[in-house]
Amino acid sequence: MIRSERGHGAKATERIAFGLLALATFLVVAPVIYIVVFILVNGSGSISWEFLTQAPRHRGLEGGIFPAIVGTFYLMIGTLLFALPVGVFSAIYLTEYARRNWLTRLINLSIVNLAGVPSIVFGLFGLGLFVLAMRSGSSLLAASLTLACQALAMIITTSREALMAVPRSYREGSLALGATKWQTVLHVVLPQAMPGIITGTVLATSRAIGETAPILAVGAAFLLPSLPSSPLDQFMALPYHLYIVATQVPGMPERTMWGTALVLLVVVLSFNTMAMVVRWRFRQRRV
Amino acid sequence: MLGTDAKSILKSIKALPFRKKVLLPVRILSDSRVPIGAKLVIPGLLLYLIMPLDLIPDFIPVLGQLDDLLVIILALGLIVRLCPPQVLHELVLKLGQTSSPPAQPKNQSGGRNPRLLKRFRLGEKIMELFIFGNGVLAIVVLVGIFGLLLKEGLPIFAHTPFWRFLFGDKWYPVSSPPTFGILPFLVASLMITVGAIIIALPVGVATAAYLAEVAPKAIRESVKPLIELLAGVPSVVIGFVGLLVLTPLVRNVFHLNTGLTGLTAAIMLAFMSLPVIVSVSEDALSMVPNEYKEASYALGATRWQTIVHVLIPAAISGITAAVMLGVGRAIGETMTVLMVAGGALSVPHSLAEPMRPMTATIAAEVNNAVRGGLQYQALFAIGAALFLITFATNLIADVVLERQKRRFQT
Amino acid sequence: MVIFSGEIERIPAVPAPEKIKLRTSGVNLFYGTFQALRNISIEIPAQAITAIIGPSGCGKTSFLRLFNRMNDLIHNARVEGSVELDDMPIYDQNTDVVELRKRVGMVFQKPNPFPMSVFDNVAFGPRRHGKDNRKELEEIVERSLHRAALLDEVKDKIHESALSLSGGQQQRLCIARVLAVDPEVILMDEPCSALDPVATLKIEDLMRALSENYTIVIVTHNMQQAARVSDMAAFLMMADDKTGELVEYGPTNRVFTNPKDPRTESYITGRFG
């Protein structure tokens, strides 16, 4: 009798506890949905052809955000250009060439820690090295390099996973045919790992272009009369623009803020979902 | 000798096929008559490749390796120049002789070298060197960041002694004379981070436990992408929504003068550090071997009891790592705290006050600081402190994670 | 199985007129502190099929992988003693591993065609070794497929993915891929273990045909297969410390019908039932 009572009590406790766990999960998920829907609903009203294609006027109180969209697009290209090859080659070193020694452990440790460096510190680094020491000024080039450094750790990590997923038997088959190591990597391993590498890189890049602090430190512009015409030109970018219109300009109409937030969110999340869909489909095919 | 004159040697070198041209420096180096100077080029070259001091620093992707490539080519040329013409001529002639494959009768195994002697593959070697260069780049960047922070930040201690900088409670960077004490920012960072973790830890671990043990597959499969999505939302967007939604809420609920407080920031940071806490904790929970669970069920424990008394204790190191990573995120997060924490410069006494953490300080002042000036140095010193703190938290997380992995691997 | 009881004793351990292609003397193989092989000395004749048999886990595969230095890929593997190809030591400092692997090809336990077309699979080796003339490559591919007895079956899908072939076809494709590099020795690591009986027979026929031009070393756990195809047989077995040792080596007929070592005998009789 007592035992069944206790068993009953334990069951009831369990039901309450699981309810609490579900509630916690809801607490995590609900704000995400809320943020996305909130911005979609409020921002969609301010999206117009003019908003998307014109430069800001009157300290950003009027006009659109076209230069910021273009700037973010350029930043993405620049970041990819720098971070992709370096990240992939670095991952190749770690999976294909590195031996198990202290250097490899040190590299792995560096990657882990690089991923944890605050974005504003990357910004300081970019300011000190690219903007000042290399004299490239507050330019697209400096910002792209800074963001590339920030994206590097994630690109290496995801590329390494993609490379490690390539079956050993392919490598052995190629080496047994008398192919050299690099030939094996180039012709057998890389083509197999490419979808995974691309996915990871797109994900990392979309995170990087959503960052504000690094480009703030490097010196993004709030208002520019014309679009950048060379990598050494100053630039506008969506995240920085949102920060400025949301906090720094008194009297800014709310619709400009919402519109900017919406465009930024759509740009970043569409890349995110694209990468996730590619990865998901790739996994399905594997199985 | 006829061909000792430099021009004719150059001509015969030019006549060599590319592979032989590349082989030439190798042959030269293995010849005993070649002066030591030419041979020293190789260690010199290696030194240049390894040293962080470069024409173009290595940590600049792609460009950084270009100069290395150039130097390799230059060095090969230099070796050829430094070699005595007599010896050079002889070696070139030798190479020229063996470089006519059609003249040599192919043996039956198809013209391959029957003696299995090691062949020098230049392309392979260059690729290896190049890949190695990229491989160590993560170290170079990390060390480069810290080195730069120190180089730009350390000079501030000539103006403000280390302890006064760390524990001074006044930050007046532009008054004359300026005062640099970062205690307000340290305390603010600490308060907000602790607040964030107090909120995020139970919620995160509960979510992880729910996803790993309780949730039906359909829910798990739809919640996980949403959490990943959260990690992808730019922090400035989250800060913007927090500014509009959370700030008035906090002001009204707690009856404060302003909603721009450390508490608001802590709630937002809790939210933002959830993705990493949930995913790492969930990994840790699912890594616990099934036998543990089965043993617990066999003893008549319910699923809930099993989670609390078996799974979470077994996964505790993974959860610790998750919390450390969450702390790292919270301390390093910049934009949200810049937007919602209030930005007050005095040492805060409670979370309900406006405050300015370290990251926000750098972000707020970096564009106004005169380059190379005292304020600029002070900001870099704050950056170095931030770097050290996040480095420590990540290091601890990594060590703990490795230990957990090793424990359950066999 | 037919037993030639009268002639066995007169057959020498290694037929005298045949050339020795591969030789190991006193080879020890270590993985870290674990010793996988101990003191193995063997002489493998050219243009013949040598089977390596033994219970699973006794180091047969590790032994086979000595000959093309595939053990190098395992980070803490270490080899003592000498392994020779045509009297040239292959674990010498100056040995070119790539060159060695061109001459000593390998077929793996599980068919491992690359995820490319049939053509690209066979042309992979020649391309890596500098042949890029389309016409020449086509000739090599056709010849190799023909020699691997696969040409008729894949003639129409030569540009389709190699992964669409059946298991047996994939394995013959892997053999064709090796033939395209024109090796002297072909190592086969249980090439039929993943195949059905019909495909197995096809591969065995192929091996017999190939043995006229190539030195073949095959690892197998299938006694019947070893008896059917091989000229020489080596029996490996684990010692008490799990280290593999060579128990017996000789012409297949002799090893199977009149084993000298009681361990060989009990293994073979146990296997044949």
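The values are calculated or read from the model by the stated rules, or taken from the named source; none is laboratory data. All of these numbers come straight from a predicted model, not from anything done at the bench. Every residue, glycine among them, receives a Cβ derived from its backbone with ideal geometry; neighbour counts consider all protein chains shown. For accessibility, only protein heavy atoms count, side chains too; no ligands or nucleic acids. Shrake-Rupley method; radii C 1.70, N 1.55, O 1.52, S 1.80 Å.
Over 25 Å, how big is the tail of the calculated P(r) for segment A:103-223, in percent of all Cα pairs?
Value for segment A:103-223 (Cα pairs over 25 Å): 40 percent.
If you find the alpha carbon centre of segment A:174-237 and of segment B:267-294, how far apart are they in angstrom?
30
All other residues with a Cβ under 10 Å from the Cβ of A:Leu147 taken together, and with Lys, Arg as +1 and Asp, Glu as -1, what is their net charge?
Net of charged neighbours comes to 0.
What number, in percent, do you get for the relative contact order of chain A if the mean sequence gap of Cα pairs under 8 Å and at least 6 apart is divided by its residue count?
It comes to 26 percent, rounded to a whole number.
Ranked from the most accessible area to the least, with a 1.4 Å probe and all protein chains present, what is the order of C:Leu37, B:Leu69?
Final ranking, largest accessible area leading: B:Leu69, C:Leu37.
How well do other chains shield peptide A:239-245, expressed as the mean number of their Cβ atoms within 10 Å of each residue Cβ?
Per residue, the average neighbour count from other chains is 4.
Accessible area lost on pairing B with A, both sides, 1.4 Å probe, Å² to nearest 100?
Chains B and A together bury approximately 7200 Å².
Under a point-charge model restricted to the Cβ atoms of Lys and Arg (+1) and Asp and Glu (-1), what is the dipole moment magnitude of segment C:20-268 relative to its Cα centre, in debye to the nearest 20?
It comes to approximately 260 debye.
What does DSSP give for the protein assembly as shown in terms of the percent of beta bridges that are antiparallel, rounded to the nearest 5?
Beta bridges within the protein assembly as shown, antiparallel portion: roughly 60 percent.
For segment C:20-268, which whole percent of the accessible surface, found with a 1.4 angstrom probe, sits on carbon and sulfur atoms?
45
Ignoring everything except DSSP H segments at least 4 long, calculate the 222 nm mean residue ellipticity for chain A; use -39,500 (n - 2.57) per segment, divide by total residues, nearest 500.
When only DSSP H runs of four or more count, the value is -24000 deg cm²/dmol.
Roll a 1.4 Å probe over the protein heavy atoms and report the accessible area of C:His129 in Å², nearest 10.
50
Rg and Dmax of the protein assembly as shown, Cα atoms, in Å?
34.2, 115
For B:Glu90 and A:Val41, FRET efficiency with R0 = 60 Å and r from the beta-carbon atoms, rounded to 0.05?
Here the calculated transfer efficiency is 0.15.
R0 = 45 Å: FRET efficiency of C:Arg263 with B:Glu291, Cβ-based, nearest 0.05?
0.75
Working only with C-alpha atoms, what are the Rg and Dmax values of segment B:273-327, expressed in angstrom?
Rg and Dmax of segment B:273-327, Cα atoms, are 12.1, 38 Å.
Ranked from highest to lowest mean number of other Cβ atoms within 10 Å per residue, what is the order of the peptides A:197-210, B:345-358?
A:197-210, B:345-358
How far is it, in nm, from the label point at B:Ile198 to the one at C:Asp205 when both lie 7 Å from their Cα along the line to the Cβ?
8.1
Work out the length of the dipole vector of chain A about its Cα centre, built from +1 on the beta-carbon of each Lys and Arg and -1 on the beta-carbon of each Asp and Glu, and round it to the nearest 20 debye.
Using only the charged Cβ atoms, the result is roughly 1120 debye.
In segment C:20-268, what percentage of the DSSP-assigned beta bridges are antiparallel, given to the nearest 5?
Rounded to the nearest five, the antiparallel share is 60 percent.
So what is the accessible area of the protein assembly as shown per residue, in Å², with the probe set to 1.4 Å?
I get 45 Å² per residue for the protein assembly as shown.
Rounded to the nearest 500, what is the 222 nm mean residue ellipticity of chain C from helices alone, with -39500 (n - 2.57) per DSSP H run of 4+ residues and division by all residues?
So the helix-based figure for chain C works out to -9500 deg cm²/dmol.
I'd like to compare A:222-234, C:115-127: which one has the highest average count of other Cβ atoms within 10 Å, and what's the full order after that?
C:115-127, A:222-234
Sort C:56-62, B:72-78 by the packing proxy (mean of other Cβ within 10 Å over each peptide's residues), most packed first.
In descending order of packing, they fall as C:56-62, B:72-78.
Could you work out what % of the accessible surface of chain A is carbon and sulfur, using a 1.4 angstrom probe and leaving DNA, RNA and ligands out of the count?
C and S atoms contribute 64 percent here.
Based on the Kirkwood radius over alpha-carbon pairs, what is the Stokes-Einstein translational diffusion coefficient of chain A at 37 °C with 0.692 mPa s viscosity, in µm²/s?
Taking Rh from Cα pairs, D becomes 150 µm²/s.
Just to confirm my numbers, what's the Cα centroid distance between segment B:211-261 and segment B:132-184 in Å?
Their Cα centres are 33 Å away from one another.
What helices in chain A pass both tests, a Cα length along the helix axis of 27 Å or more and a mean Kyte hydropathy of 0.5 or higher, using whole DSSP H runs?
Within chain A the helices that satisfy the rule are A:2-44, A:66-92, A:140-164, A:190-210.
In Å² (nearest 100), what accessible area is buried between C and A, both sides summed, heavy protein atoms only, 1.4 Å probe?
What C and A bury together is about 1700 Å².
Rounded to the nearest 10 Å², what accessible area does B:His89 have for a 1.4 Å probe in the complete protein model?
Accessible area, nearest 10 Å²: 30 Å².
For peptide B:301-309, compute the average count of partner chain beta-carbon atoms within 10 Å of each residue's beta-carbon.
That works out to 3 on average.
Can you list residues whose amide H is under 5 Å from B:Trp171's amide H, if they're 5+ apart or on another chain and H is modeled 1.01 Å from N?
B:Gly181
Give C:Lys19/C:Lys102; B:Lys224/B:Lys405; C:Lys110/C:Lys131; B:Lys125/C:Lys102; A:Lys181/C:Lys110; B:Lys125/B:Lys405 a once-over and call out the pairs whose C-alpha atoms are over 26 Å from each other.
Over 26 Å Cα-Cα: C:Lys110/C:Lys131; B:Lys125/B:Lys405.
For segment B:205-337, divide the Cα radius of gyration by the Kirkwood radius and give the resulting Rg/Rh value with two decimals.
1.08
First obtain the Kirkwood hydrodynamic radius of segment B:279-410 from its Cα pairs, then insert it into the Stokes-Einstein equation at 4 °C and 1.567 mPa s, and state the resulting D in µm² per second as a whole number.
So the translational diffusion coefficient is about 73 µm²/s.
Report the Rg/Rh value for segment C:32-147, based on alpha-carbon coordinates and the Kirkwood definition of Rh.
1.00
Residues of segment A:155-187 losing 40 Å² or more of accessible surface, assembly versus chain alone, probe 1.4 Å, please list them.
Those residues are A:Tyr170, A:Glu172, A:Leu175, A:Ala176, A:Leu177, A:Gly178, A:Thr180, A:Trp182, A:Gln183, A:His187.
Would you mind estimating how fast segment C:20-268 diffuses translationally, via Stokes-Einstein at 4 °C and 1.567 mPa s with the Kirkwood radius over Cα pairs, in µm²/s?
Rounded to a whole number, D works out at 70 µm²/s.
Quick check for me: using +1 on Lys/Arg Cβ and -1 on Asp/Glu Cβ, what's the dipole size of the protein assembly as shown about its Cα centre, in debye to the nearest 20?
Magnitude of the dipole: close to 740 debye.
Summing +1 for each Lys or Arg and -1 for each Asp or Glu, what net charge is found among the other residues whose Cβ lies under 14 Å from the Cβ of B:Pro177?
With Lys, Arg at +1 and Asp, Glu at -1, the neighbours total +2.
Within segment A:61-151, report the chymotrypsin sites (Phe, Trp or Tyr not before Pro) that DSSP leaves as loop and that have at most 16 other Cβ atoms within 10 Å.
In loop regions of segment A:61-151 (DSSP not H, G, I, E or B), there are no sparsely surrounded chymotrypsin sites (Phe, Trp or Tyr not before Pro).
Compute the orientation-averaged projected area for segment C:15-77 from the convex hull of its Cα atoms and round it to one decimal in nm².
With every direction weighted equally, the projected area is 4.8 nm².
Could you work out the equivalent-ellipsoid semi-axes for segment A:24-153, taking the square root of 5 times each eigenvalue of the Cα gyration tensor, largest first, in whole Å?
36, 24, 14
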